[in-house]
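See structure below.
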Ligand code: TYC
């Protein structure tokens, strides 16, 4: 009847919500054995960083224990982690690289 208020609602937002893919932080972990120059080389080679940027991030990892090296889509992050882990293993360094959802 005319007292039915079931259609009353407040429209706050009419735009459809656009979905964005989740992004992943790729992190480097500190250890006591991997040479500093090796870590700098890894950052230049696999993350396209300048020597100065690479050195800065290496020092942050060395002092703080870990640092985010970059943020990527799942597939790119996974590839970076695999490349770094394989390269470190082939050089017999214990360097660890991991990824985490943002
Ligand atoms: N702590 C190492 C050293 O003193 C250097 C190092 C930096 C190792 C960053 C790993 O992700 C790392 N030789």
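Every read-out reported here was derived from the displayed coordinates using simple, explicitly stated rules and does not represent laboratory data. Owing to the predicted nature of the structure, the values given are computational and were not obtained by experimental measurement.
Numerical summary
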{"quantity": "Anisotropy class of the stretch 55-102 from Cα gyration tensor, a/c 1.5 cut", "calculated": "oblate"}
{"quantity": "Angle in degrees between helix 74-90 and the longest Cα principal axis of the chain, rounded to the nearest 10", "calculated": "10 degrees"}
{"quantity": "Helix axis angle, 36-47 relative to the chain longest principal axis, alpha carbon, degrees", "calculated": "40 degrees"}
{"quantity": "Helix axis angle, 51-64 relative to the chain longest principal axis, alpha carbon, degrees", "calculated": "80 degrees"}
{"quantity": "With eigenvalues of the C-alpha gyration tensor scaled by 5 and rooted, the chain, Å", "calculated": "47, 13, 12"}
{"quantity": "Gain in span if fully extended, residue 52 to residue 83, counting 0.36 nm per residue against the direct Cα distance", "calculated": "9.0 nm"}
{"quantity": "Mean separation of Cα contacts under 8 Å, 6 or more apart, over the residue count of the chain: relative contact order %", "calculated": "43 percent"}
